[in-house]
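I have placed the structure first, in the form of structure tokens, so that the comments after it can refer back to it.
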Amino acid sequence: MSEYTPKSIEIDAQNYWEAQQSFKAEDDSSREKFYCLSMFPYPSGRLHMGHVRNYTIGDVVSRYQRMLGKNVLQPMGWDAFGLPAENAAIKNNVPPAKWTYENIDYMRSQLKRLGFGYDWERELATCHPDYYKWEQWLFTRLYEKGMVYKKTAPVNWCPNDMTVLANEQVIDGCCWRCDTEVERKEIPQYFMKITAYAEELLEGLDNLPGWPEQVRTMQRNWIGKSRGVELSFEVNGEPLKVFTTRPDTLMGVSYVAVAPEHPLAHQAAENSAELAAFIEECKTMETSEAAMETMEKKGCATGLTATHPISGAEVPVFAANFVLMGYGEGAVMAVPAHDQRDFEFAQKYGLPITQVIAPIDQDVEVDLAQAAFTDKGVLIESGEFNGLSSAEAFDAIANHLEQAGKGKVSINYRLRDWGVSRQRYWGCPIPVVNCPECGAVPVPEDQLPVRLPEDIEFDGVGSPIKKMREFIDTDCPRCGGKAERETDTFDTFMESSWYYARYACRANPDAMLDKNADYWLPVDQYIGGIEHAILHLLYSRFYHKLMRDEGLVSSDEPIKSLLTQGMVLKDGAKMSKSKGNTVDPQQLIEKYGADTVRLFTMFAAPPEQSLEWNDSGVEGASRFLKRLWVFSRDNAQNIEAGRSFIPDWAKVDDAQKAFRREIHEQLKQALIDFDKYQFNTVVAACMKIMNALSSVPGVADAGKGHQPSANVQNAIWEEGLSILLRLLSPIAPHISHALWQELGYGDDILTAAWPAVDEAALVKDSIELVVQVNGKVRSQINVAANADKDSIEEAALADEKVQSFIDGKTIRKIIVVPGRLVNVVAN
């Protein structure tokens, strides 16, 4: 053991793990399993510190569970499809496939250099046909079951990337990738019926105690269950359905608003150039909810009127930009006095604002010239319903409408079906053939996968496969006639929604999943950013239920516990290239070694909190590892000697007992913190154990019947360093591996038993008590840990300092608080 040289030590350890296949997961149902998974990365080319932190947390958890004796699966793969590869292809004139595979190779080498214990035999990339074949297979089965359908719908359209964007991919009206202003466009696309599982997805959140409450709340709000009334107005003799959660306000309706795409609006536009122009203007409007909330409310009269279902009054019908066809029936009833959006629209277009709800508290003032009154209260100006509370009116009005055949109580969800079509190239082809005779026909199983052509050239306009006749032209699987392949590809959330399950069956080329999925699933610990709380995690839960209902898995949920790690910050801001505050992990590894990088990221903050980057903290982590190495090197022979000497710990010198007690106290706390994944305090405990080991006294003459002190010192070093290395091993695995071997503890620390606390070491022979006189601290005394009250009182009164404060006074009372203090009351 010479100097601490991280690079050579780490390469040696990694070579050992690879040769031993240390992290290969065995499909062994006789053993208790633990499946730890970190959200897989997009192969952008280089790891960033967010990656390093995320994957270090996962690796620490995996190594910890492995040392507890569990059969651990920790896989890694690549979320490889997506627009960035296309953008890079256009910029660098490199096919997306080549760019992606080269990035995967480089990032894999970076992950290996950090010593992450992945089962690389299970590695997958979502752009490989042997992966996406199975999501095509499942899609065709779902299509046949009616769980997939195609319809024309308004979407957020990026004219630069020429693709649909999810609402969450629209930032301030612009594409999240290229910052181009987003348009609203109607195109045919495929949808998956996630709404069919809305209630199960909602109820299932109550069975996920291992998920952060914040994430569960976000999903509840996204699903958005609400109880209301579905009712019909009448327009031109036909029913126009609307849904409202506030039927108590029904008598205050002063207009009805429909989406610009609504058939009524298009019909009326045939006779109104103004309305036609408004509809055209709305085609460039984005559809994200955030934008809908903040944008200027605009509309245009259709010239139509709607008949109120109770009063029979006629109210005007407007086309309005805040109503979307994709939500319900594309129509809403407007109550300006009791809804702020309706209020703003009514003010702008001079429509009536009729109050029908009064405050319960008569002292509350309502100023409908300024704003809508949106609270619930008591009905007024509502005919037979006057005087009812909002809650009472809900049931009364619902019953009235139901008896009249014009409405019913209904449960509604904010959640909408998942549009999975994308008009980009670098994605999984949708396995459908469009036949002029048979319509849309799913590709048969024996013709899967539909392979995406990888040898292509970009001209920067649209998807290359939309111009490739060799890809498009095919025969209809049903009638054999000439047909065309679907040229849209799947939303990349399709790939990331089930990858966790494929890892369990990665070696099976003949099935999407097999029996091993039920052994490994659900994932025991999933780790990733809070930004994936809704879409990725909700879609994963949905996909799992689809696979369950196909008989592929038996569990109801994909993930047992979820840890959402905090961001990595520098100077108070999130690290990003645009801010110019990034730190290159590769440079850090070259300078300090992987263990230092891992140790710092675990020590700087608890996993769920943001980590503030600190260069001096990295230096501190490096110094600690060097100190550990030097201590081990300098005391290697003593540690070896300590292994052959088994002390009678009851006869050990008191000072040495105290240091051994400190080691086991720190171990006890570290074991608790490991279970809570509070790795920052585990590192702190390791540092305290190191301090204790460095300070264990050696006494020249044992004396007083104690054992030879030098031998005891060696034994404490041997035991303490064994504990320290095992605690540190999941966090800084390379140095722990090397020292474990060098110091003769064994060949492989990964197979060592997890350290256990010696409860006898925690017992104190004596304790220190504070002594007060009349409530003021005057001294401290040491007494036997099992001393009785009389002995404690006697020792307190015999103390010289205490005697100086009670001299000449009468002792009135002595109060003993066990384990803490003695208070002498005297006057």
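The values are calculated or read from the model by the stated rules, or taken from the named source; none is laboratory data. For clarity, every value in this text was computed on a predicted model and none was experimentally measured. FYI the Cβ positions are ideal-geometry reconstructions off the backbone, even for glycines, and counts take in every protein chain you see.
Listed values, structure above:
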read-out: Residue satisfying condition, being assigned to a helix (DSSP H, G or I), at pLDDT below 95, assigned by the TED database to the domain that holds residue 744 and not aromatic (Phe, Trp, Tyr), within set 650, 621; value: 650
read-out: Filter result (polar (S, T, N, Q), within 14 Å of the chain's Cα centre (by Cα) and part of a helix (DSSP H, G or I)) within region 29-62; value: 54
read-out: Residue match in region 46-56 (condition: of a type in the set (S, T, N, Q) and modelled with pLDDT of 95 or more); value: yes
read-out: Residue check for residue 694: in contact (Cβ under 8 Å) with a residue 12 or more places away in the chain, over 22 Å from residue 766 (Cα atoms) and surrounded by fewer than 21 Cβ atoms within 10 Å (Cβ to Cβ); value: yes
read-out: The listed residue being modelled with pLDDT of 95 or more, among the aliphatic types (A, V, I, L, M) and within 44 Å of the chain's Cα centre (by Cα), out of 371, 404; value: 371
read-out: Filtered residues of region 234-275 (kept if of a type in the set (Asp, Glu) and surrounded by fewer than 24 Cβ atoms within 10 Å (Cβ to Cβ)); value: 234, 238, 261, 270, 274
read-out: Any hit, region 438-459, residues being part of a strand (DSSP E or B), on the phi > 0 side of the Ramachandran plot and surrounded by fewer than 18 Cβ atoms within 10 Å (Cβ to Cβ); value: yes
read-out: Options 742, 719, 768, 793; residue that is farther than 20 Å from residue 59 by Cβ, acidic (Asp, Glu) and without any contact (Cβ under 8 Å) to a residue 24 or more places away in the chain; value: 768
read-out: Strands (runs of 3 or more DSSP E) completely within region 478-570 that count 3 or more residues being in contact with a Pro (Cβ under 7 Å, 6 or more places away or on another chain); value: 562-564
read-out: Tally of residues being surrounded by fewer than 21 Cβ atoms within 10 Å (Cβ to Cβ) and modelled with pLDDT of 95 or more across region 525-535; value: 1
read-out: Scan of region 632-666 for residues that are farther than 13 Å from residue 716 by Cβ, touching a residue at least 40 places away in the same chain (Cβ under 8 Å) and within 42 Å of the chain's Cα centre (by Cα), ordered by number; value: 632, 665
read-out: Any pair with Cβ under 7 angstrom, 6 or more apart, that starts in region 575-594 at a residue that is among the small types (Gly, Ala, Ser) and ends at one that is at pLDDT 95 or above and surrounded by fewer than 16 Cβ atoms within 10 Å (Cβ to Cβ); value: 593/7
read-out: Count of residues meeting criterion [assigned to a helix (DSSP H, G or I) and touching a residue at least 24 places away in the same chain (Cβ under 8 Å)] in region 599-618; value: 5
read-out: Condition met for residue 369 (closer than 26 Å to residue 297 by Cβ, assigned by the TED database to the domain that holds residue 293 and surrounded by fewer than 19 Cβ atoms within 10 Å (Cβ to Cβ)); value: yes
read-out: Where a residue in region 476-497 is under 28 Å from residue 545 (Cα atoms) and its partner, wherever it lies, is among the acidic types (Asp, Glu), with Cβ under 8 Å and at least six apart; value: 490/135; 492/79; 494/135; 495/79; 495/135; 496/79
read-out: Residue satisfying all of: in region 462-474; over 35 Å from the mean Cα position of the chain (by Cα) and not in a helix (DSSP H, G or I); surrounded by the fewest Cβ atoms within 10 Å (Cβ to Cβ) among these; value: 473
read-out: Which listed residue, of 158, 127, is crowded, with 23+ Cβ neighbours inside 10 Å, under 25 Å from the mean Cα position of the chain (by Cα) and touching a residue at least 12 places away in the same chain (Cβ under 8 Å); value: 127
read-out: Residues (part of a helix (DSSP H, G or I) and surrounded by 13 or more Cβ atoms within 10 Å (Cβ to Cβ)) located in region 757-771; value: 761, 762
read-out: Count - residues of region 344-358 that are farther than 19 Å from residue 375 by Cα and either of a type in the set (D, E, K, R) or touching a His at 6+ places or on another chain (Cβ under 8 Å) (or both); value: 1
read-out: Positions within region 214-238 being in contact (Cβ under 8 Å) with a residue 24 or more places away in the chain and either over 21 Å from residue 414 (Cα atoms) or of a type in the set (Gly, Ala, Ser) (or both), in sequence order; value: 224, 226, 228, 232, 233, 234, 235, 236
read-out: Count of residues meeting criterion [over 12 Å from residue 824 (Cβ atoms) and of a type outside the set (S, T, N, Q)] in region 770-793; value: 7
read-out: Tally, over region 494-515, of residues that are of a type outside the set (Lys, Arg) and surrounded by fewer than 19 Cβ atoms within 10 Å (Cβ to Cβ); value: 6
read-out: Filter result (touching a residue at least 60 places away in the same chain (Cβ under 8 Å) and more than 20 Å from residue 422 (Cα to Cα)) within region 66-92; value: 66, 67, 68, 69, 73, 75, 77
